[in-house]
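Presented below is the structure to which this report refers.
Laboratory data are not the source of any read-out in this text; all were calculated from the coordinates shown. Here the structure is a predicted model, which is why all the values come from computation and not from measurement. No Cβ is skipped: glycine too gets one built from the backbone with ideal geometry, and neighbour counts run over all protein chains shown.
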């Protein structure tokens, strides 16, 4: 009889422990934390794929630009009205350029300019305003940059070939005496 009781007790104990362990692992603090971290990981993945828009530059508002009168205002009065620009004419200082643009970028793609606004204020030789012009993204043109590379004249000569060719040019006596 004693053997039956023990076998009965031994078979019940693992069963009850298994249920307790299973119930304890499934509920409690572990499951909500896993759900929370899973949701947080999903949210971070979605945020990383969303677009980011950055604004660069400055263009004076239209109210300030309308106060500039061609033929009347000078460089000094324009500087007081809208401020000095970050860019001027390249060859001559006969124009001031104000530019602003928006760049949209995704995590895995190249940045893309989505909006551009350029204001050009042209001056004559005396520094008086000739014209105020505004350009947008639609006025721009793509400029293909040509990469001109100077030929080095070596061609398909390898390093080993160059070293072998130079053996005939070396004079050991001049090298020892220090003559060039």
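Would you mind ranking 172, 157 so that the residue whose beta carbon has the fewest other beta carbons within 10 Å leads the list?
On the way: 172 7, 157 11.
Arranged by neighbour count, lowest to highest, 172, 157 become 172, 157.
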Describe numerically, in nm with one decimal, the distance between label points set 7 Å from Cα along Cα→Cβ at residue 128 and at residue 86.
3.2
Sticking with the crude label model, points 7 Å out along Cα→Cβ, report the distance from residue 72 to residue 93 in nm, one decimal please.
2.6
Work out how far the C-alpha atoms of segment 27-120 reach from end to end along every principal axis, then list the three figures in whole Å, largest first.
81, 26, 16
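For residue 63 and residue 40, compute 0.36 nm times the residue count separating them, minus their Cα-Cα distance, and round to one decimal in nm.
Between residue 63 and residue 40, full extension yields 3.6 nm more.
I need to check one value: relative contact order of segment 77-138, counting alpha carbon pairs closer than 8 Å and at least 6 residues apart, in percent. Provide the component values of the computation, followed by the final result.
Working: 96 pairs, mean separation 15.0, N = 62.
Once normalised by length, the contact order is 24 percent.
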Least to most buried among 75, 109, 134, by other C-beta atoms within 10 Å and fewest first, runs 109, 134, 75
